[in-house]
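I have placed the structure first, in the form of structure tokens, so that the comments after it can refer back to it.
FYI, it's all coordinate maths here, none of it is from the lab. Values in this document were obtained by computation on a predicted structure and should not be read as measured data. So basically every Cβ, Gly included, is an ideal-geometry build from the backbone, and we count neighbours across all protein chains shown.
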Amino acid sequence: MDWLRDRLRIGPGSTVVEVGAGPGKFTRLLADTGAEILATDPVPAMLAALAAALPGTRTAVASAQSLPLGDASMDAVVCATAFHWFATVEAVAEFRRVLRPGGTLGLIWNVRDVSVPWVAALSAITDRYEDAEPRQRTGAWRRPFPAPGFTPLHETCMRYEHRGSPEDVIVGRTLSTSFIAALPDETKAEVVAEVRDLIARTPELADRNEIVFPYVTTAYDCRRLD
């Protein structure tokens, strides 16, 4: 991933801590850079899943506000689809503590490309079931910035396409969304019916074995000042 190399300057021999690593979906990309990775998450079960998927990866159960690392010990801190959960001044101060002078902080999310009409229609179906959990799209994660001791945030936008059958990349992905998965079975069935109706009446989706679900990857980075 060019952003990791060009903006975060991550490569062979770099030391990187991933905060909120979850089951390791992004950790694999970090590992491919040849960097030395420490994956952290406050939930042990998440790290167990990560370790099963990526044997040999160093892990530590830790919160964003209390990382088990020495001062100025890391070249980069990365949060992939996670920072909105712990977007506090305290967390950013902790990131600065563990970063070396000149080290980089990277925040990245994949978001639906709602400029595509059917994607916007899908979001209209699912968004009404959202709970009060933090969301990246609200922008509340920006509150700790600009952060003392860091350069201003730099934004990079990239396109990403998820290919597969409509049942997998639309229906399956919808059902795996946390707030949809938590709904009563009867309500989930209603959501699925609405989503399948959307697929059936959308020409670029109906009767297709494979479709493209468009996403926009938004990434932000800043550098620790000396």
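Between Glu204 and Asp131, the modelled label-to-label distance comes to 3.3 nm, taking each label 7 Å out from Cα in the direction of the beta carbon. In this structure the amide hydrogen of His162, modeled in the peptide plane, comes within under 5 Å of the amide hydrogens of Phe213, Tyr215, none closer than 5 places in sequence on its chain. A straight chain from Asp197 to Ala182 at 0.36 nm per residue would run longer than the Cα-Cα distance by 3.2 nm.
Here the extension length gained between Ala93 and Val116 equals 4.5 nm, from 0.36 nm per residue of separation less the Cα-Cα distance. Relative to the longest principal axis of the Cα atoms of the chain, helix 44-53 runs at roughly 80 degrees.
Packing here is the average count of other Cβ atoms within 10 Å per residue, and on that basis the peptides 65-72, 90-97, highest first, run 90-97, 65-72.
In percent, what relative contact order does region 2-223 have, based on Cα pairs under 8 Å that are 6 or more apart in sequence?
Answer for region 2-223 is 20 percent.
Amide H contacts of Leu38 (H built 1.01 Å from N, in plane; Pro and chain starts excluded): Val16, Val17, Glu18 sit under 5 Å, all sequence-distant by 5 or more or on other chains.
Taken one residue at a time, the phi angles of region 88-100 give Karplus couplings (6.51, -1.76, 1.60, θ = phi - 60°) of 10, 4, 5, 5, 5, 5, 5, 4, 4, 4, 7, 7, 6 Hz. Gly and Pro are set to x. Grab the DSSP H runs of the chain that are 4 residues or longer, score each as -39,500 (n - 2.57), total them, divide by all residues and round the 222 nm result to the nearest 500 deg cm²/dmol. It comes out at -8000 deg cm²/dmol, rounded to the nearest 500. The 3J(HN,Hα) values that the Karplus relation (6.51, -1.76, 1.60; θ = phi - 60°) gives for region 73-83 are, in residue order, 10, 10, 7, 8, 10, 10, 10, 10, 6, 9, 4 Hz. Gly and Pro appear as x. Of Leu205, Leu105, Leu38, the residue with the greatest mean-square motion in the GNM of the chain, using alpha carbon springs below 10 Å, is Leu205. On a 0 to 90 degree scale, rounded to 10, what angle separates helix 117-127 from the longest Cα axis of the chain? The helix 117-127 is inclined about 80 degrees to the chain. For region 169-175, 3J(HN,Hα) computed residue by residue from phi via the Karplus equation (6.51, -1.76, 1.60; θ = phi - 60°) reads 8, 10, 5, x, 5, 4, 5 Hz, glycine and proline entered as x. Restricting attention to region 2-223, close to 55% of DSSP beta bridges with both partner residues there are antiparallel. Close amide-amide hydrogen proximity is noted between Phe150 and Leu225, each under 5 Å apart and 5 or more residues distant or on a separate chain (H modeled in the peptide plane; Pro and chain starts excluded). Computed packing ranks the peptides 18-30, 184-196 as 18-30, 184-196, most packed first, by mean other Cβ atoms within 10 Å.
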